[in-house]
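The values are calculated or read from the model by the stated rules, or taken from the named source; none is laboratory data. As the structure is a prediction and not an experimental result, all values here were calculated from the model. Positions of Cβ are generated from backbone atoms using ideal geometry, with glycine treated the same way; all protein chains shown enter the neighbour counts. Accessible surface is based on the protein model in full, side chains and every heavy atom, while ligands, DNA and RNA are left aside. Shrake-Rupley method; radii C 1.70, N 1.55, O 1.52, S 1.80 Å.
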Amino acid sequence: MSDRADYKQGGGAFSSDILQRKDFWSAILYVGLGLGTIIASLRYEFGSPSNMGPGFFPIILSTILVLIGCVIAVRVFARNTVGPDVRLGFINWKALALVAVSTVLFGLLLPYAGVLIALPVLMLVGAAASRHFRLELRAIIGMLLLSTSTVLVFVIGLGVPMPLLGSAFGG
Amino acid sequence: MDILANLLLGLQTAGSLTNLLYCFVGVFLGTAIGVLPGLGPTATIAILLPITFTMGPENALIMLAGIYYGAQYGGSTTAILVNLPGEPSSVVTAIDGYQMARKGRAGVALSTAAISSFVAGTIATMLIALFAPILGEVALKFGPAEYFSLLSLGLVAALVLAHGSLLQAFGTVIVGLLLGLIGPDVNSGVQRFTFGITGMQDGISFVIVAMGVFGLGEIVANLGDESGRSLSGTISRMLPSRADFQRMAAPIVRGTALGSLLGILPGGGAMLASFASYTVEKKLSKFPDEFGKGAIEGVAGPEAANNAGAQTAFIPMLTLGVPSNSIMALIIGAMIIQGIQPGPSVMIEQPALFWGVIVSMWIGNLMLLVLNLPMIGLWVRMIGIPYHFLFPAILVFCAIGAFSLNNSTFDVFLLALFGVVGYVLRKLDCEPAPLLLGFILGPMMEENLRRALMINRGDASVLFTRPISCALLIAAVALLVMVLLPSIRASREVAFQEE
């Protein structure tokens, strides 16, 4: 964030600390999700207790969720002392991104390129999430072995309808 | 006698060659996965669920149950050999089991764990056979009000036993309940929260949620801490001596009793049972100063307790259709996909399935006892597999499993999304298990509340005027109050900190 310096001048150490707290972010998450669900549920008929409409249960639940989020938020501001256990700590952005992206890539590539290409891509991009990742002979052999056995078991053995080569190759 | 006839019927089902094979595969996979780093039983069962959809219901349930208690055993193995409990319920085993291993008694500790688990499993199977029909009969009297209250009690128990802040766990349960409502509303047919996306018209599959949150989410969390594991001690003698047997007998009996009782409680009683058993044994032991330094009672008691608890956790699932932990929630999901509506009717309409699964648990425990002594060398080698060789394979199984549910790539994208959700929840100290439980229970709760209120013309007091329903709600409130009491709250925090 570019305005972080201003933040510190305005609110002291407290306001920048708060962005590091787990409970602060859970409060945001719950209030946000709760409000979002309430708004989305307004489109559905609420009904009455004797004849609950599709909006009844979700609105009650998301109201509780918003309340929980508010209580957590109040407690965040009431307790300034930040113990080490409420701090977010190290967030493994790289692993998170690579694991998510590799899965999405697999889904995108599967119909067009086919499983023979999508699988190695999934493994390579996913494996790069580890600190120990190195593109060496052993890793490539392992990848090929895993790809072949997966294709044999799932596509040929269990008959999961995945194209070996996708539409891009006329498959 | 009825019980004997029932058990015999179960033996016929579970003893067939195919079911013995599935039981073995389940137990073997479960143990292997319990031993391998970074894969919990919930993730495993989620990943293997798509494969079981092609099997018959008996085969599928017998195999899934095998994975469940096999993983429990594998978790104890890593707890003893490398001081890394693979399972929350084997945390206690690590305390004295690992010390025994360091003194060169790893083999004895492992067979103590196997023997205690087997004895506890045998007794718990008998208990299930005795009490499941009684509970089933009570359950037949349940109306929608009772079910709603029972589900509430289950969720409260899951909250109480979750780690970390109670409020945060409560929030996670609600998020889970809401996620469970995505898709068509049963009553009006209105599409809720699908935002016009075709892939969400039937709601989100619980398999995707479980694989994403427990499979992918766990991978990312594990990659944050890639420390190696090293073995301690060599395995020489396996069989406990006569003196060992004498010292473990009483702890096994007490552990079984504790585990059987606490296991029935919703919310994962197996872990609680192992803690309770350890405390009891330490207090009763003639050698209290040996505890923490390799006391055999400290392995025998908790192992008996967690195995008995794992078995009796099946009672509420099989008789009431209400899951007591996230694994039972997955097994319920599997039953629904197999076309079986979990609940008291299963016992009456499909006695072969019901008793077959119960007897198979006993057979599976016997397999664990007999097979693990010769196979220990294999498990030891698997413990050493580095995580970075393993997790790409988990990733592949999750992605293919997600696709195979509906042969749709949309499910693969959802999987990625829930992987991110799983990691975020972990980082915020919101435990993912209550989310999954809420997800499965959401539609059930809505349906039962709707029916209860409809019958009573919108008057919510029906939840309190019907005696069983009222008792269940009082139990839920009592449980909450108990946890909020300062003294118990402090001891709960201490208990979770030991992990």
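Computed quantities for the displayed model
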read-out	value
Segment B:370-428-segment B:326-360 distance, computed between alpha-carbon centres (Å)	25
Shielding by partners, peptide B:403-412 (average Cβ within 10 angstrom, other chains)	4
Volume in Å³ per residue [convex hull over Cα atoms, computed for segment A:48-130]	162
Under the Karplus curve 6.51 cos²θ - 1.76 cosθ + 1.60, θ = phi - 60°, whole-Hz ³J(HN,Hα) for segment A:146-160, x wherever Gly or Pro sits	5, 4, 4, 5, 5, 4, 4, 6, 7, 7, 8, x, 8, x, 5
Accessible surface buried upon A-B contact (total; probe 1.4 Å; Å², nearest 100)	5200
Placed amide H near B:ARG192: partners under 5 Å, 5+ positions off or other chain	B:GLY183, B:ASP185
Accessible-area composition of segment A:93-169, carbon plus sulfur, in percent [1.4 Å probe]	78
Residues whose placed amide H lies under 5 Å from that of A:LEU158, excluding near-sequence neighbours	none
Accessible area per residue, Å², the protein assembly as shown with all protein chains present, probe 1.4 Å	41
³J(HN,Hα) computed for each position of segment B:125-138 - Karplus, 6.51 cos²θ - 1.76 cosθ + 1.60, integer Hz, glycine/proline x	4, 4, 4, 4, 4, 6, 9, 4, x, 5, 5, x, 5, 4
Mean residue ellipticity (222 nm) of chain B, computed from DSSP H runs ≥ 4 via -39,500 (n - 2.57), nearest 500	-24500 deg cm²/dmol
Segment B:397-455: C-alpha gyration tensor shape, a/c 1.5 cut-off, then a/b vs b/c	oblate
Three-way shape call for the protein assembly as shown based on the alpha-carbon gyration tensor, with the a/c threshold at 1.5	rounded
Rounded, prolate or oblate (a/c below 1.5 giving rounded, otherwise prolate when a/b exceeds b/c) for chain A by Cα gyration tensor	oblate
Lys/Arg +1, Asp/Glu -1 at C-beta; segment B:306-448 dipole; positive extreme among B:PRO434, B:ASN306, B:MET335	B:ASN306
Cβ neighbours within 10 Å from other chains - mean over B:416-427	4
Calculated from backbone phi, Karplus (6.51, -1.76, 1.60) coupling profile of segment B:54-62 in Hz, x at Gly/Pro	7, 8, x, x, 4, 4, 4, 5, 5
log10 of Debye I(q)/I(0), alpha-carbon scatterers only, for segment A:93-169 at 0.22 Å⁻¹	-1.02
Averaged over A:62-71, number of beta-carbon atoms from partner chains that fall within 10 Å	4
Reduced Cα scattering model of chain B, Debye log10 I(q)/I(0), q = 0.08, 0.11 Å⁻¹	-0.46, -0.91
Residues whose placed amide H lies under 5 Å from that of B:LEU84, excluding near-sequence neighbours	B:ALA79
4 °C / 1.567 mPa s Stokes-Einstein diffusion coefficient of segment B:1-78, Kirkwood radius on C-alpha pairs, µm²/s	100
Cβ-Cβ FRET estimate between B:PHE464 and A:LEU164, R0 fixed at 56 Å, reported to 0.05	0.35
Volume per residue that the Cα convex hull of segment B:78-211 spans, once the total is divided by residue count, Å³	174
Cα radius of gyration and Dmax for segment B:359-483 (Å)	22.8, 65
